[in-house]
1. Condition first: of a type in the set (Val, Ile, Thr), in contact with a Leu (Cβ under 6 Å, 6 or more places away or on another chain) and within 25 Å of GLY449 (Cβ to Cβ). Now tell me which residues in the stretch 494-551 satisfy that.
2. Working only within the stretch 697-709, note down all residues that are closer than 13 Å to SER663 by Cβ and open to solvent by 10 Å² or more (accessible area, probe 1.4 Å).
3. Got a number for residues in the stretch 507-523 being surrounded by 18 or more Cβ atoms within 10 Å (Cβ to Cβ) and in a loop (DSSP other than H, G, I, E, B)?
4. Go through (1) under 30 Å from the mean Cα position of the chain (by Cα); (2) touching a residue at least 12 places away in the same chain (Cβ under 8 Å); (3) within 22 Å of CYS15 (Cβ to Cβ) and name the single condition PHE72 misses.
5. Being of a type in the set (Ser, Thr, Tyr) and part of a helix (DSSP H, G or I) is the filter here; which residues of the stretch 271-320 pass it?
6. Looking only at the stretch 601-617, which residues are outside any loop (DSSP other than H, G, I, E, B) and open to solvent by less than 60 Å² (accessible area, probe 1.4 Å)?
7. Specify which of the listed residues (LEU572, LEU550, LEU597) is open to solvent by less than 40 Å² (accessible area, probe 1.4 Å), in a helix (DSSP H, G or I) and among the aliphatic types (A, V, I, L, M).
8. Can you go through GLY194, GLY151, GLY185 and tell me which one is assigned to a helix (DSSP H, G or I), touching a Leu at 6+ places or on another chain (Cβ under 6 Å) and of a type in the set (Gly, Ala, Ser)?
Amino acid sequence: MGGVSKAYLVVYNVCCLCLWGLALVEGVTTVADWASLSEVWGRSSKYVIVGQLLMILEVFHAVLGMVRSPVFTTWLQVQSRLWILFATMACASAQSQPFCGLMVLSWSLVEIVRYSFYLCALFLVAAKVPYALFWARYSAFFVLYPTGIAGELGTALSVVASSKDFSSSVLFVIKCIMALYIPGGPFMYLNMVGNRRSAFKKRFAPPPKPPRGCTFPVTTSSKGSKESTTRSTTVTNKRAIAAALEVLGDDGLVAAAKCAKDSNYRFGYVEHFRSLVRLAAKSDDACLRSSEAGIKWLRDNFEYVDAEGTVLKLKDLDSAKVGRVLKTGKVVGGGGKNSSKTPTKTKGYVVPYDGGWHPSTPKAPTETLEGEALKKQCDDWVAKGVVERDAADALKWTVDYFSASSSSSNPLSNVYVVLIGAGSAMGPCAKLLEHGANVVALDIPGIWGKGGKRPASTMWKRLFDMVAEEESALGSTLVYPYSDDTLPREEAAGADLTTETKELADWLTQTWLPTVPKGSKICVGNYTYLDGDLHVKLSLCADILIERLLDAASTHYKAACAFLCTPTDAHLVPRGAFQAAMTNLSNRKYRFLETLLRQATSKLKPNICAPILIDPNEPDPEKAHLYMVDGLSVAQGPNYALAKRLQHWRACLAYAKGFTASSTVAPSTATISVIHNKTFAWAYGGMPEFNFEIFKQDTTNAVMAALLLHDILNPDSPKNPTAASIMKDKKKPFLVSSLELFSSQAVHGGLWRSPYTVDSIGEVSALIYFLGIAKPFLAPAFIALAAALVAALVYTMP
């Protein structure tokens, strides 16, 4: 923060603190009992009015990046008080009600704590703010939020009762705002509970451990004349994207400079990711240059602390000292060489499905689809705009493949799939083993968490049990790394990807790969996920494993890589998806009301990006342009976006080298880690209103595994650069850029064809969900409200 901005914010916070302090003093000195609350407004109003109007500046603080608060949330908080403030100023009878005094005192106490906290935070980091003030900042709402709401609603009732002071239209608006308190009050209260939990967790987090394995580079920041060093994820993220931009010609240099200077990158990063996609889409050469530059910068700058504590650059990983030598463990399913079971008939491909996920239907699917019923569901998804046609066709191909397979053989006996993050909720491990594939499972050490509530050994036991199940009686195998023969199998299995990167790379290429029969199909996929900076580290270390295994397997094997692309990213899309989004926008039933809401807020932004002009001399618009969807979500953060972009870079480079790149967009899925966050669950509940279908986890696993198998088994897959149809035409299946790789076979869940961007419908979706819950109670609530208004009117009559 600049010196001028900081000085301004200090003055602003001091002024506001003084105003609310005076309001509280004036109000408290008048209070002796409930009735005396009616005198508070008369004593405190001059300070309350000025203090509340000054809060309007906080919206501009957020817009200008002076503070890190989201603009919409700040605007919502400010305007939620302005309406009742103006109504009270215009209604003398409401000013003399006890509820008005309760409202003023609640506001004053909240703001004194808030501005005191902000003032301290300008000079101290949040973790060093005095604990008493910290506690009050994140705990006072338990009492003051309910009292504040009670005061606001009580004052509003008094305003409504004084109908002679207002027109009928104004009274109608006030009543509508009061009705919004029914869903909005609990929503905001629970949101503050979540913020409190996060703040306390952050403040009392244990001190960081000494760096080990893959670490972010040391960055330097200046504050006045002082310089400090830290491992800033934001600065690193920004520099990596700038490095990928600056190789994209003159426009890229301009975009890179803008990215490097962005002082609000945490909330403004989406603009730079969009620019990266638009510029890299101009040509395949641009795409590959950008991909190489991004990965090179990350490896040149990220550090790796080896087993002996030596600090290296990640690019020098070969020089790292290893901590242990990994051995190979193996579990053989039914029908294998070491099993007494008799191989069963090859199963048809089955997808668990009983509809999309909703808070009212949260359980796993109770029904399954296969054969013609599954094919029909594919067509239904296409008709709803949930998946693209080529994805449905690929899923149908997989269904037909397994239906036609011989009953006496394992169709996946020569398929070896390395799963980095084998225990992932979104991974294909269960389906691959069910159909007889050979899986190499890489995941965290099973010894982690021993004695705790969630030991990692539980995850490994689940993986081992998948192989032993009757459904795996096709001869599937599960191979895994381990080193300690004295531990139980589920505790000995696994290795830490970020601290044992070299050990895992050596094990894969030098120990495991030579055991695979030559000519086999090998696919290595990254299915890892962790929050924040750990996601970037996982993706970067997994990228090293993928590159080395592909290179080692290129001579004697048919090699491929695989990724699950998130729909919440900037993607090139087919022209049909672009046109569908425009059509869906124009056909909205409540388009006029939604337009008004968009003009008043930043919500409901049309899901339409300007086409990317590729060839100005081409008369056919489909050939002259590429089309993009902006699915980026600010809330997910730049670390998530960088981790997924790194996977895109690797897929493009692998495809350019002749490897199949099964990198496919997966739908928004109700995994436990996602819906554990109640705000996401509530938003998911209302998103079907905007042409979305939220998939249940079992459905996503089965559908995405089917597309992976299609890309591995079908020589004519669009993810295969050596497909017969492509070689026949002597050209790639893409018009311009390898970024179009991600536009094929997408199961986006409706995001590409939605009328509004996913980042602009979250709050509205949550509101729609709550209105749906409240619908049966709205009539009784309005009757009760009308009765209360009548009672208040009678009470206030002379």
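The values are calculated or read from the model by the stated rules, or taken from the named source; none is laboratory data. Since this is a predicted model, take the numbers as computed values, not measurements. Cβ sites come from the backbone with ideal geometry, for glycine too, and all protein chains shown count toward neighbours. For the accessible areas, the whole protein counts, side chains as well, though only heavy atoms, and no ligand, DNA or RNA atoms are used. Shrake-Rupley method; radii C 1.70, N 1.55, O 1.52, S 1.80 Å.
1. Of everything in the stretch 494-551, those that are of a type in the set (Val, Ile, Thr), in contact with a Leu (Cβ under 6 Å, 6 or more places away or on another chain) and within 25 Å of GLY449 (Cβ to Cβ) turn out to be THR528, VAL536.
2. The answer is MET704, and nothing else.
3. Final tally of qualifying residues: 1.
4. Only one criterion is unmet by PHE72, namely (3).
5. SER275, SER290, SER291, SER319
6. Once the filter is applied, which keeps residues that are outside any loop (DSSP other than H, G, I, E, B) and open to solvent by less than 60 Å² (accessible area, probe 1.4 Å), the stretch 601-617 yields PRO606, ILE612.
7. So the residue among LEU572, LEU550, LEU597 that is open to solvent by less than 40 Å² (accessible area, probe 1.4 Å), in a helix (DSSP H, G or I) and among the aliphatic types (A, V, I, L, M) is LEU550.
8. Selected residue: GLY151, the only one of GLY194, GLY151, GLY185 that is assigned to a helix (DSSP H, G or I), touching a Leu at 6+ places or on another chain (Cβ under 6 Å) and of a type in the set (Gly, Ala, Ser).
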